[in-house]
Amino acid sequence: MIKPGTLTRLAAKHGTPLFVVDHDAVRRNYRAFRRHLPRVQAYYAVKANPAPEIVETLFDLGASFDVASMPEFLIVHEFIKGLPARQRQEFIWDKIIYANPVKAVETLEDLDRYKPLVTYDNLEEVRKIARHAPHAGLVLRVRVPNTGSMVELSSKFGASPAEAVDLIEAAHVAGLVVEGLSFHVGSQCTNFDNFLQALQVSATIFEEAWARGFRKMTILDIGGGFPAPYDRHVKPFRELARRLNAELDRLFPPPIEILAEPGRFLVATAATLVARIIGKAVRDGKLCYYINDGIYHTFSGILFDHCQYHVKSFKPGPTEICSVFGPTCDALDTVSLAEDLPPDLETGDLLYSENIGAYTQASSTTFNGFPPAKILHVNR
Ligand SMILES: Cc1ncc(COP(=O)(O)O)c(C=O)c1O
C-alpha cells in the first residue's frame, strides 16, 4: 500500500486524477500466487489491466499471459519478440493462451501464423478454427458453477459437461488437436466450492475423453476468479490454495500441466486512485462531493465489474455519510451514495481509493470530453 504522504506528493507533482500503479505490489501478488500454488503456471489475464508496464514486470518474473483480443496478444508478443529466435515459437504456448472462446474469422487468420493455443466451446468455432487457424492447439472451455461469484461468466461461455467429449471428437474429426480443458468459476470467486466442483467436473471429462482415445489431453487450465482481498470478509488466498493443491494432486497428478489465468488477484491491490474535489453541494440534507474522476473513467468497475470502491479522505476528523459524484453531466456518474467522509472538505482537496487496479482503468472512456486519469507507475 502506498503511504498517504507519498500519494499527496505524487498528486502535487503529476496532477489529478492520478492512477498510481505500485509494481512492488504486482510482484508481491505474483510471488504469493506461485508460492501457494507451486504446480500452477500463472497466465496473467491482460484484460484486468493491460498496461504494457505491468505486462513487462510480470514477464520479467516468468509469468505467462491470457489474452482475449489481437491487441492484447500484440502487447504480450512485443516482449516475446525480445527472446532468441529459436525460443520464440517453441515458447508461444508456454507464454500465451488466447482464452476467448469466440473469435472473429479475421482474428483467427491473424493468429494462425503464431501457431497459438486457443480456447473454444462450440461447434461453429471448431469449423472456423479448422478453416482459418488450422495450426492452433485447442483447449475446450467447460461450463462450471459460478455460484456467488461477483462477476458471473457461465451464461456466456463454456460447453456443458454433457457435450464436452463430443466437442473434443468434433475437433479431432476436423483435423485439430485438443490439448486440454479450461474453466472459469466467475470473477472474485469467494465461494471456494466452485473451484472444487469445477475440478471434479473436469476430471470426469478427462476420464471419458481418455477412454474414447483422446490421449493427447495434458493441460488443465483452472482459469481466473482468485479473489482480491477487497475487505475482511474475503477468506485468505492460502486457504483456497491449500484446498486446490490437494484436489489437483488427487485428480490431476503429473504429467498433467496445470495453468491458471489470474487477473484481479495480481493487480487489484496494486493501484490507488487520487482524485480532486471539484464541487460541493447539499441536496435533500445530504452532503455531496463532486470529484474529477467517475464511473465513465477509473470508477467504471462499479458498472462493468460490479465492484464498489471506498473513497477516503487524507484529512482526519469526524465523518458523516456523503454522496460522491463524478464530473460528467450524467446522473449515472455516481461513485457512491454512502461514503464516510469529513463534512468540512473543500474544493481542491484530495480523496483517494485503494485496491482499484483491476477492471477500472481498462474500461475507462472519454465520455463528455473528460480525459482518463493519468497513469503513474512506481517501483518499477
Ligand atoms: C477467460 C478469462 N480468463 C481469466 C479471467 C480473469 O479473471 P479474474 O480477474 O477473475 O482472475 C477472465 C475474466 O473475465 C476471463 O474471462
Checklist entry - Taking Cα atoms, how many degrees apart are the long axis of helix 123-132 and the longest axis of the chain, rounded to 10 and kept between 0 and 90? => result 80
Item to check | Above-threshold pairs, the threshold being 32 Å between Cα atoms, out of LYS81/LYS216; LYS156/LYS312; LYS13/LYS280 | outcome: LYS156/LYS312
Checklist outcome for this item: Ranking TYR44, ILE168, SER182 by how far each Cα lies towards the positive end of the charge dipole of the range 23-267 (+1 on Lys and Arg Cβ, -1 on Asp and Glu Cβ), the top one is TYR44
Item to check | Check: the chain dipole with +1 on Lys, Arg Cβ and -1 on Asp, Glu Cβ, in debye | outcome: 920
Checklist entry - In nm, to one decimal, how far is the TRP210 label point from the HIS306 one, both placed 7 Å along Cα→Cβ? => result 3.5
Item to check | For the chain, built as a Gaussian network whose Cα springs stay under 10 Å, the top-fluctuating residue of GLU53, GLU124, GLU354 | outcome: GLU124
Checklist entry - Can you give the FRET efficiency for LEU337 and THR366, using 1/(1 + (r/R0)^6), R0 = 22 Å, r = Cβ-Cβ distance, to the nearest 0.05? => result 0.30
Checklist outcome for this item: The answer for the per residue Cα convex hull volume of the range 170-229, in Å³, is 81
Item to check | Globularity ratio of the chain, using Cα Rg and 2.2 N^0.38 Å | outcome: 1.06
Next on the checklist: Tell me which chymotrypsin sites (Phe, Trp or Tyr not before Pro) from the range 60-164 have a DSSP coil assignment and no more than 14 other beta carbons within 10 Å of their own.
Outcome noted: PHE91
Checklist entry - For the range 200-349, what are the per-bin percents of Cα-Cα distances with bins 10 Å wide, up to the bin holding the maximum? => result 9, 29, 21, 15, 13, 10, 3, 0
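Values in this text are rule-based calculations from the coordinates and carry no lab data. These numbers were taken from a predicted model, which means no experiment stands behind them. Don't worry about glycine lacking a Cβ; one is built from the backbone with ideal geometry, like all the others, and counts go over all protein chains shown.
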